[in-house]
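S.K.: Take a look at the following structure, please.
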Amino acid sequence: MDTQNPSAPPRAQSRIAGKNHPHAGGLLHDNARHTTRFTVIGNHLAQHPELSGLAIGLGVYIQSLPAGARVDIKTLAARFPEGTTRIAAALRELEAHGYLRRERQRTPAGRIVTRTISCNQPGHRRTQDHQAAPTRKKRTPGPRKPLPAVPQPAYPAPALLQAATDLLTDLRRHDPRLMLSACDTAHLAPGVAAWLERDVSPTAVRHTLTTDLPPDPLCRPAALLAHRLTAQLPAPPAFRAPAPPPTVRHPFQTCEDCDRAFRSPTPGACRDCRATPLAAA
């Protein structure tokens, strides 16, 4: 207990206001988040150790301008109170440190003009300035996909298939884009025959296949027709019992015994006259 520590203070020191505080007399920020009309500026420009204050201010101002704005010396001198000599010197500073770049270009009219390019990252250029645009690879057409399946008729009679083929061949008269090959027509004919087999008239089938077509050119009209034949296939008609045979009405005959008129397929005696001899017998 008798050992003393010479480095220990004899008593606690009180903090004096304004001293020994890490932020005493330093900068404080009262910031609000920008949502419109703001520009992102790198600290490498805003805190550049070698640029003058005027050069930094001009660099920030130029980066905030839209593309196509004029940034020549006379325009900047009219905007800021500094004269043309100081502004020209500040622009040379920015150009020396890579924040500005001047290029001479020829216009379509043949004039030579100087373009001023602002660089927010010195030493960085767009890739298209150095690399040519990549050429697009030509796509080789692959094997063509088969057409979608179409409904099949229950009884594919030759006459029914021929009527379906004639209907498909006639579609080009209603829309020139519906020009079908022989192979596509043979594939679609059973689907049309299935519609005709369900008591759908050829006019109704033609209306379904030709109305509400897209206005753009049809790359493969047969695939569109196959989809419509399948997706819009109507239900089969309801079962109907066969109608009874019509009643046969024989012509009138004249009875050979009593001259009465009666219906019979052949001439002779009427029913009463034929029954009289049987009753007498």
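S.K.: What do you reckon, how do H44, H34 stack up by accessible area (1.4 Å probe), largest on top?
M.R.: H34, H44
S.K.: Another question about this same structure. What order do Y99, Y155 take when sorted by accessible area (1.4 Å probe), most exposed first?
M.R.: The ranking, largest first, comes out as Y155, Y99.
S.K.: Considering amide H positions built from the backbone, and no H for Pro or chain starts, which residues 5 or more places from L100, or on another chain, come under 5 Å of its amide H?
M.R.: E95, C119
S.K.: To continue, here is another question. Hey, what's the per residue convex hull volume over the C-alpha atoms of the stretch 164-237, in cubic angstrom?
M.R.: Dividing the Cα hull volume of the stretch 164-237 by its residues yields 81 Å³.
S.K.: Provide the packing ranking of 57-67, 186-196, i.e. peptides ordered by the mean count of other C-beta atoms within 10 Å per residue, highest first.
M.R.: 186-196, 57-67
S.K.: Also, quick follow-up: What list of ³J(HN,Hα) couplings, whole Hz, do you get for the stretch 40-57 from phi and the Karplus terms 6.51, -1.76, 1.60, once you set θ to phi - 60° and write x for glycine and proline?
M.R.: Once θ is set to phi - 60°, the couplings for the stretch 40-57 become 8, 10, x, 5, 5, 8, 5, 10, 4, x, 10, 7, 6, x, 5, 5, 5, x Hz.
S.K.: Starting from the Cα of A223, step 7 Å along the direction of its Cβ; do the same at T247; then give the gap between the two resulting points in nm.
M.R.: 6.2 nm
S.K.: Continuing with this model, one more query. For a protection proxy built on the mean count of beta-carbon atoms within 10 angstrom, sort 100-112, 207-219 highest first, please.
M.R.: Result, highest mean Cβ count within 10 Å first: 207-219, 100-112.
S.K.: I need the calculated FRET efficiency for the pair T35 and D216, taking r as the beta carbon distance and R₀ as 30 Å, to the nearest 0.05.
M.R.: For R0 = 30 Å, the calculated efficiency reads 0.10.
S.K.: Average the reciprocal distances over every distinct pair of alpha-carbons in the stretch 35-74, invert the result, and give the Kirkwood radius in Å.
M.R.: 11.3 Å
S.K.: Same structure again: To the nearest 10 Å², what's F80's accessible area with a 1.4 Å probe?
M.R.: 50 Å²
S.K.: Please report, in whole Å, how far the alpha carbons of the stretch 145-281 spread along each principal axis, starting with the longest.
M.R.: Principal extents (Cα only, largest first): 91, 26, 25 Å.
S.K.: Counting Lys +1, Arg +1, Asp -1, Glu -1, what net charge surrounds A269 among other residues with beta carbon under 12 Å of its beta carbon?
M.R.: -1
S.K.: Near H250, within a Cβ-to-Cβ distance under 14 Å, what is the net charge of the other residues, with Lys and Arg +1 and Asp and Glu -1?
M.R.: It works out to a net charge of +3.
The values are calculated or read from the model by the stated rules, or taken from the named source; none is laboratory data. Keep in mind that this is a model prediction, so the values were computed, not measured. No Cβ is skipped: glycine too gets one built from the backbone with ideal geometry, and neighbour counts run over all protein chains shown. Side chains are part of the model used for accessible areas, which takes the heavy atoms of the whole protein and leaves out ligands, DNA and RNA. Shrake-Rupley method; radii C 1.70, N 1.55, O 1.52, S 1.80 Å.
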